[in-house]
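Participant: Sharing a structure, written as structure tokens. Questions coming.
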Protein chains: 2
Amino acid sequence: VSSQNIDFLNTQLEDLFPADIATILYQLEGPEAHSLIRLLDTEKAAEVLSNIDSDDRKKFIKEQFTVEEISKYVNLFDSDDAVDLLNEQSIEVREQVIALLEDREQARFIIDLMHYPEDVAGGLMQKELIKVNISDTVSDCVEEIRAQAESVDKVYAVYVVDDDQKLRGIVSLKQILLTRKNTKIENIFEDDIVFVDTTKSGDEVAEIMQRYDLEAIPVVNALGRLLGLITIDDVLDFVKEKAEEDIQVMTGITGEVDEDDSVWLLAKARIPWLVVGVIGSLMAASVIGWFEGTMAKVAGLAIFIPLMASTGGNVGIQTSSLIVQSLAEKSQISLSLGKRLSKVIRVALINGLVVGILTGIYVYAIGKPELFYVVCLSLFSVVILASFMGTITPILLDKFGVNPAMASGPFITTANDLIGIGAYFGIAYLLLPI
Amino acid sequence: VSSQNIDFLNTQLEDLFPADIATILYQLEGPEAHSLIRLLDTEKAAEVLSNIDSDDRKKFIKEQFTVEEISKYVNLFDSDDAVDLLNEQSIEVREQVIALLEDREQARFIIDLMHYPEDVAGGLMQKELIKVNISDTVSDCVEEIRAQAESVDKVYAVYVVDDDQKLRGIVSLKQILLTRKNTKIENIFEDDIVFVDTTKSGDEVAEIMQRYDLEAIPVVNALGRLLGLITIDDVLDFVKEKAEEDIQVMTGITGEVDEDDSVWLLAKARIPWLVVGVIGSLMAASVIGWFEGTMAKVAGLAIFIPLMASTGGNVGIQTSSLIVQSLAEKSQISLSLGKRLSKVIRVALINGLVVGILTGIYVYAIGKPELFYVVCLSLFSVVILASFMGTITPILLDKFGVNPAMASGPFITTANDLIGIGAYFGIAYLLLPI
């Protein structure tokens, strides 16, 4: 960003959307990115900042911005985004920025919102919204919209409250536009609406908004007073993050890490489940150790160890992922445990038969017919046992309030490795003349 | 649903939201559900039907509804939902329903939309939208909204077109509400807007709408003519389905199945990757078979087979899932392959060291110090090799247009089982005095 081209750059930037400018910033070094932000008019700069990834923004702001600058931009943020940005800063910076805010209403909004945990409705809502009293007329309502037009950029609907600030319903802009100016709001508003309490979890809010196809949902306190609004874009981010989190849990990564985090953070996020896997395998090693004598006597017994372990793992993950998926769809009726198990076992019988036949052919092909019954029977048992584990594990985790996606991860693979190997040697011990 | 209580039931149902009535339907038998639908007024019944899951609705409609009934409800659907419902029916039913539609504009919309594949912008859009000519005034615009108010229930914005029907921009309802009636649209509209072409993939549409925080996005044809509108609720469903699909791919399930599909369908969806897993394990069995003599001579060699296989699998999945996640975030800058690999290998060095030390302790604890170098060196190599595979597999799949999530599934586990066992016996062969 050389100083001569500033004018040219400025015209270029004016035509870009804030989200695109944010993408350009990712490619620049800190000081360059900072000069670029300062080229923009304050409002656009604020929008760009609200579009940057939380981790990157935290670092960028810490290294480049003074508290005065931060407060200038935060002044123009929606209150929920302002709180997100401030929560990334140290407590001292946070307090200084709030003290410096020109818009005192914004400061009050922010202080209000900071009381709520991040992942409940209270922490997701913004304070900016347009409300009218139930006894007002349509033209009062238009005036209210005009008055709020600057601080509220997207108007989803106008919320109707009574004298106690209790939420009574909504009026759509379409309705306001099509109704005569002196009509009373109480004659046209819709009282049959969906709202949530500040304590509702983010998951539930996302579920509700999807269920009723809402672009925005009002948030009320325990007394039913209207406090704020959650918009669909925040919920969409929430749904995406949740899906990413589930995938990380399933693949044995703890904590939220990205490819661009430090080597140390990445290694640390992966260690816990790797260690669990190693411990499981060493337990399997001990089991195999007990049967070393048997293996020495019966040639070929050792070669099927990976088959038992990996089939157990694969079947377990397949089964549990379907159960996890159906647990996540809370709006639908869930089957009873008995029906679930009976179905899972029937599926396992079919699949056990297919892999059993395939393996049986191999056993004959390598000329070890004496192992036929042991290998096929063990494999079949492994498929059944792993299906059973894959069903009850997520259900139990869900019951104890743990994310059931964990059941589709290294936990089930490790458990089923062990079960597979145990079943194999157990059956070998019973069936072979040792 | 006994006949006496119809009046009571009716009052109860009137108070419920369509999505909630849909949930009640899931609990009823077909004929009961059908009587319940007929109790509702046509508009509400149509909304309830548009809220039912595709699979359940297909069965329900096929078993219970006449074509006359279907067309009565489809008449009131948004055009995109109407196409979804019709695509679930047989071709004959589809044609009969379209022929019976009272609203001929709806019929034309539906026929138009049926040309597009389901997963591109054309297939996601609805035809219902409000547009005005650029030379109109604000009061023309209000008249247009009034005229369309019945067929368009949610007004996102008013789209501005020129005489050629080319999309020129948008006007928000807020703007219309706050501007004098005789102002020309051309003086107040926003020309800096985001739109998509009918051929844009659903993934990309979702990405764009999230990027720019849009509640609705206009769809144009190759000539820039305004054809339709995609709304955020459809995109949210799309994002959710995509996440579910990725998880199924990762867990080795082919095709989209739910827990409530038939036993046969469930078994079939799981067979392909189970068979791949079995074949991989039998190849591993062959590798182990070559070293049977070695195992007989060196006591304890067999017991670490599961450790090598499962560590390879776990590391591979952890690595690939982070790569897949960062491939999915297209808006951010991706690292070069060299930088990616160098980082992955550094993480692998740390993790290899941790699991190596843990295993080394075990080797001494069970009194097999002669295996120390072989086991630790193999394990360390397995971690490095599996990390390498976990990095390049998703990148290659992505390059060839395959969903890279496949790389976090049974494919990588199977490959890494084999690599792990191969590396283990290879190193044993080199280091042990055999």
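The values are calculated or read from the model by the stated rules, or taken from the named source; none is laboratory data. A quick note: this is a predicted structure, and the numbers were derived from the prediction, not measured. Virtual Cβ from ideal backbone geometry, glycine too; neighbours counted across all protein chains shown. To get the accessible areas, we keep the full protein, side chains included, count just its heavy atoms, and leave off ligands, DNA and RNA. Shrake-Rupley method; radii C 1.70, N 1.55, O 1.52, S 1.80 Å.
Participant: Every residue in the stretch B:250-273 that is at pLDDT 85 or above, open to solvent by less than 20 Å² (accessible area, probe 1.4 Å) and within 7 Å of chain A (Cβ to nearest Cβ), please.
Facilitator: Within the stretch B:250-273, B:Leu266, B:Ala267, B:Arg270 meet the criteria.
Participant: On to the next question. Within the stretch B:230-249, restricting attention to residues that are acidic (Asp, Glu) and either under 14 Å from B:Leu124 (Cβ atoms) or buried (at least 20 other Cβ atoms within 10 Å of the Cβ) (or both), which residue is nearest to the other protein chains (Cβ to nearest Cβ)?
Facilitator: Once the filter is applied, the top-ranked residue is B:Asp233.
Participant: Enumerate the helices (runs of 4 or more DSSP H) found wholly within the stretch A:1-91, keeping only those where 2 or more residues are over 27 Å from A:His115 (Cβ atoms), within 28 Å of the chain's Cα centre (by Cα) and among the hydroxyl-bearing types (Ser, Thr, Tyr).
Facilitator: A:18-26
Participant: Return the residue satisfying two criteria in turn: it lies in the stretch A:89-127 and is open to solvent by 80 Å² or more (accessible area, probe 1.4 Å), free of Cβ contacts under 8 Å to residues at least 12 places away in the same chain and not charged (D, E, K, R), and of such residues it is farthest from A:Lys240 (Cα to Cα).
Facilitator: A:Ile91
Participant: Contact list please: Cβ distance under 7 Å, first residue in the stretch B:214-241 and on the phi > 0 side of the Ramachandran plot and touching a residue at least 24 places away in the same chain (Cβ under 8 Å), second residue open to solvent by 40 Å² or more (accessible area, probe 1.4 Å) and not in a loop (DSSP other than H, G, I, E, B), pairs at least six apart or on different chains.
Facilitator: Close Cβ pairs satisfying both conditions: B:Gly224/B:Lys166.
Participant: Considering only residues that are within 13 Å of A:Asn314 (Cβ to Cβ) and open to solvent by 40 Å² or more (accessible area, probe 1.4 Å), which ones fall in the stretch B:274-299?
Facilitator: Within the stretch B:274-299, B:Val276, B:Ile279 qualify.
Participant: Out of B:Leu76, B:Leu40, report the one residue that is in contact with an Asp or Glu (Cβ under 9 Å, 6 or more places away or on another chain) and at pLDDT below 85.
Facilitator: B:Leu40
Participant: Output the residues belonging to the stretch A:40-74 that are surrounded by fewer than 15 Cβ atoms within 10 Å (Cβ to Cβ) and not charged (D, E, K, R).
Facilitator: Residues satisfying the conditions are A:Thr42, A:Ser54, A:Thr66.
Participant: Looking at the stretch A:128-137, which of its residues are closer than 22 Å to A:Ile230 by Cβ and open to solvent by less than 30 Å² (accessible area, probe 1.4 Å)?
Facilitator: Passing the criteria: A:Glu128, A:Leu129, A:Ile130, A:Val132.
Participant: On to the next question. Is it fair to say B:Leu432 is over 42 Å from the mean Cα position of the chain (by Cα), over 18 Å from B:Leu307 (Cα atoms) and not basic (Lys, Arg)?
Facilitator: So B:Leu432 passes the test.
Participant: Scan (1) within 13 Å of the chain's Cα centre (by Cα); (2) more than 30 Å from B:Thr391 (Cβ to Cβ) for the single condition A:Pro218 breaks and write down its number.
Facilitator: Condition not satisfied by A:Pro218: (1).
Participant: Among the residues of the stretch B:138-154, are any in a loop (DSSP other than H, G, I, E, B), out of contact with any Pro (no Cβ under 9 Å at 6 or more places or on another chain), within 14 Å of chain A (Cβ to nearest Cβ) and within 30 Å of A:Asp53 (Cβ to Cβ)?
Facilitator: Checked the stretch B:138-154: no residue is in a loop (DSSP other than H, G, I, E, B), out of contact with any Pro (no Cβ under 9 Å at 6 or more places or on another chain), within 14 Å of chain A (Cβ to nearest Cβ) and within 30 Å of A:Asp53 (Cβ to Cβ).
Rundown of residues vs (1) aromatic (Phe, Trp, Tyr); (2) out of contact with any strand residue (DSSP E or B) (no Cβ under 7 Å at 6 or more places or on another chain), yes/no style:
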site	(1), (2)
B:Leu227	no, no
B:Ile230	no, no
B:Phe238	yes, yes
B:Gln248	no, yes
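Quick grid of which residues meet (1) farther than 30 Å from B:Ile271 by Cα; (2) part of a helix (DSSP H, G or I):
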{"position": "B:Ile208", "(1), (2)": "yes, yes"}
{"position": "B:Leu214", "(1), (2)": "yes, no"}
{"position": "B:Pro218", "(1), (2)": "yes, no"}
{"position": "B:Leu227", "(1), (2)": "yes, no"}
{"position": "B:Phe238", "(1), (2)": "no, yes"}
{"position": "B:Glu241", "(1), (2)": "no, yes"}
{"position": "B:Glu244", "(1), (2)": "no, yes"}
{"position": "B:Ile247", "(1), (2)": "no, yes"}
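Participant: Here are B:Gly316, B:Gly277, B:Gly252, B:Gly312: which of them is at positive phi and in contact (Cβ under 8 Å) with a residue 12 or more places away in the chain?
Facilitator: Checking each option against the conditions leaves just B:Gly252.
Participant: Take the residues in the stretch B:212-229 that are within 14 Å of chain A (Cβ to nearest Cβ) and out of contact with any Phe, Trp or Tyr (no Cβ under 8 Å at 6 or more places or on another chain), then tell me which one is nearest to B:Ile134 (Cα to Cα).
Facilitator: B:Leu214
Participant: Restricting to the stretch A:138-156, give me the number of residues that are touching a helix residue (DSSP H, G or I) at 6+ places or on another chain (Cβ under 7 Å) and surrounded by 16 or more Cβ atoms within 10 Å (Cβ to Cβ).
Facilitator: The total comes to 5.
Participant: If you don't mind, there's one more thing I want to ask. Of (1) closer than 13 Å to A:Asn314 by Cα; (2) not in a helix (DSSP H, G or I), A:Ser387 satisfies all except one. Which?
Facilitator: That leaves (2) as the condition not met.
Participant: Within the stretch B:406-414, is there a residue that is assigned by TED's automatic domain parsing to the domain that holds B:Ser281, open to solvent by 20 Å² or more (accessible area, probe 1.4 Å) and at positive phi?
Facilitator: No, the stretch B:406-414 contains no residue that is assigned by TED's automatic domain parsing to the domain that holds B:Ser281, open to solvent by 20 Å² or more (accessible area, probe 1.4 Å) and at positive phi.
Participant: Can you give me the number of residues within the stretch A:280-308 that are free of Cβ contacts under 8 Å to residues at least 40 places away in the same chain and among the β-branched types (Val, Ile, Thr)?
Facilitator: Here the count works out to 1.
Participant: Just checking, how many residues over the stretch A:397-434 are over 20 Å from A:Ile288 (Cα atoms), in a helix (DSSP H, G or I) and away from chain B (no Cβ under 14 Å)?
Facilitator: Residues in the stretch A:397-434 being over 20 Å from A:Ile288 (Cα atoms), in a helix (DSSP H, G or I) and away from chain B (no Cβ under 14 Å): 2 in total.
Participant: Across the stretch A:184-229, what is the total count of residues that are of a type in the set (A, V, I, L, M), buried (at least 19 other Cβ atoms within 10 Å of the Cβ) and under 29 Å from B:Phe238 (Cα atoms)?
Facilitator: 10
Participant: Follow-up question, since we're still on this one. Give the residues of the stretch A:16-33 that are more than 10 Å from chain B (Cβ to nearest Cβ) and of a type in the set (Asp, Glu), sorted by residue number.
Facilitator: Hits for the stretch A:16-33 are A:Glu29, A:Glu32.
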